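One structure below.
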DNA sequence: GCCAACGTTGGC
DNA sequence: GCCAACGTTGGC
């Protein structure tokens, strides 16, 4: 099993929204590196840290998991969608998306500025200068550090 | 709102 | 294949 961090601007899709929806297709990703992670590496059951970007403050806010492996992103075929891509067709889809399922909000949010101070997170992709990737792999040790910092009564990933 | 960093596009 | 121009991300 692998671990991930997924970014979303709360104004477009927040963890609160995911809680209401329970599950969502992570569609609209139009970056090849992020797409390749979804297609090749993300598997059902993987752990996901949910990050609010462009937020006040930007922070890791909770936990989710991958509930379905990648499938073609149908928004890329939809002319009315803002995610429409004329180069992506049902016969030859260019973009894919996984399904993400809500687990919990952390009891403590983890603002970016605080995470930068932690020696135990050295090497975490999120903290690297210029890192804009919306889907990032997270090492198990970093995942555990963040889960413990976030505090949850029941955390399926910390047994 | 600014702007650094990064990704993509397209002319050549 | 190079690279300038442009667009986007996202912290601050």
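The values are calculated or read from the model by the stated rules, or taken from the named source; none is laboratory data. Note that the structure is predicted; figures quoted are calculated from it, not measured. FYI the Cβ positions are ideal-geometry reconstructions off the backbone, even for glycines, and counts take in every protein chain you see.
The set of residues in the range A:102-123 being more than 21 Å from residue A:56 (Cα to Cα) and either within 16 Å of DNA strand B (Cβ to nearest atom) or surrounded by fewer than 17 Cβ atoms within 10 Å (Cβ to Cβ) (or both) consists of A:119, A:120, A:122, A:123. Taken over the range A:35-48, residues that are more than 22 Å from residue A:156 (Cα to Cα) and either surrounded by fewer than 20 Cβ atoms within 10 Å (Cβ to Cβ) or modelled with pLDDT under 95 (or both) amount to 4.
Just a yes or no: is a residue in the range A:77-98 surrounded by fewer than 19 Cβ atoms within 10 Å (Cβ to Cβ) and under 15 Å from the mean Cα position of the chain (by Cα)? Checked the range A:77-98: no residue is surrounded by fewer than 19 Cβ atoms within 10 Å (Cβ to Cβ) and under 15 Å from the mean Cα position of the chain (by Cα). Residue by residue through the range A:106-131, note down the ones that are in a helix (DSSP H, G or I) and more than 16 Å from DNA strand C (Cβ to nearest atom). Within the range A:106-131, A:119, A:120 meet the criteria.
Each row is one residue, and each column tells you yes or no for (1) modelled with pLDDT of 95 or more; (2) within 20 Å of residue A:2 (Cα to Cα).
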position: A:50; (1), (2): yes, yes
position: A:59; (1), (2): yes, no
position: A:66; (1), (2): yes, yes
position: A:97; (1), (2): yes, yes
position: A:145; (1), (2): yes, yes
position: A:157; (1), (2): no, yes
